Every structure is written in structure tokens, then in C-alpha cells.
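Before any comments, here is the structure.
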Amino acid sequence: MNITLLGKRYKLVFQKMPAGQHGECDSPDSKGKQIRISNTLKDERLLEILCHEIFHALNWRDDEQIVDESAKSLSHALWRLGYRRVQ
């Protein structure tokens, strides 16, 4: 699936990730940019990691702690509001 963030196109890929890694985002300046998400994640944790990696794409220079806290807050709020992934 392709998504556009701040005018930049990313390929969103769900795949097996190395142990302990849940997601990864390429630099907005990279060619063939991807956001990679572990295909083992489910429910609110999946939403959190999606938010986390999308925040990286939107705010590439932000500190990891800011990205992490923002993603946790947003995903928790969206989950409580009833947002779920439809396949």
C-alpha cells in the first residue's frame, strides 16, 4: 500500500522484522521510501507502531522520546474512540 505524507510517497509494508524491532521508517529524502511494520503486531500495539513510524516520516528530526510519547498518546486516544483496522 502507498501512502503520502507531507507530499512524499511511502510504501507501507507489513513484514517480518528483526527480533525486538517493530517498525522502521526511511528518511523522507530517500528514493523508494518505505515504512516497514512487523506483521506480527495486532490491535492497539499495531496502531501505536503505525503512529510512531508515521510521526518519524512527518517529523524526521524529532527526538525519539517525543515521537514515542506522541505515538503512544495518539494511538491510545484513537483506540479509546473505537478506531480499528479493517482488513
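The values are calculated or read from the model by the stated rules, or taken from the named source; none is laboratory data. This is a predicted model, so every value here is computed, not measured. Note that each Cβ is placed from the backbone with ideal geometry, even for glycine, and that neighbours are counted across all protein chains shown. Remember, those area values only see protein heavy atoms, side chains included, never the ligands or the DNA or RNA. Shrake-Rupley method; radii C 1.70, N 1.55, O 1.52, S 1.80 Å.
For region 34-76, compute the orientation-averaged projected area of the C-alpha convex hull (one quarter of its surface), in nm².
Averaging across all directions leaves 2.9 nm² for the Cα convex hull.
How much area per residue is accessible in the chain when the probe is 1.4 Å and only protein heavy atoms are counted (Å²)?
69
Restricting to bridges with both residues inside the chain, how much of the DSSP beta-bridge set is antiparallel, in percent to the nearest 5?
So the antiparallel bridges amount to about 60 percent of the total.
Alpha carbon centre of region 59-84 versus region 2-34: separation in Å?
17
Report the Cα-based extents of region 1-51 along its three principal axes, largest first, to the nearest Å.
The Cα atoms of region 1-51 stretch 28, 20, 15 Å along their principal axes.
Through the Karplus equation 6.51 cos²θ - 1.76 cosθ + 1.60, θ set to phi - 60°, convert the phi angles of region 30-42 into ³J(HN,Hα) values in whole Hz; use x for Gly and Pro.
Karplus-based 3J(HN,Hα) across region 30-42 equals 6, 7, x, 4, 9, 10, 10, 10, 4, 7, 9, 6, 9 Hz.
Run the simple label-point estimate for Ala19 and Asn2 please: 7 Å along Cα→C-beta, distance reported in nm.
Distance between the two pseudo-spin positions: 3.7 nm.
By how many nm would the segment from Ser30 to Leu78 lengthen if fully extended, with 0.36 nm per residue of separation less the alpha-carbon distance?
14.3 nm
Quick check for me: using +1 on Lys/Arg Cβ and -1 on Asp/Glu Cβ, what's the dipole size of the chain about its Cα centre, in debye to the nearest 20?
Roughly 500 debye, rounded to the nearest 20.
State the dimensionless ratio Rg/Rh of the chain (Rg: radius of gyration of Cα atoms; Rh: Kirkwood radius).
In the chain, Rg relative to Rh is 0.94.
With a point put 7 Å past each Cα toward its Cβ, work out how far Gln87 is from Glu64 in nm, to one decimal.
Modelled inter-label distance: 3.0 nm.
Report the longest stretch of the chain that contains none of the trypsin sites (Lys or Arg not before Pro) sitting in a DSSP loop with at most 14 other Cβ atoms within 10 Å.
Here the longest segment lacking exposed loop sites spans 62-83.
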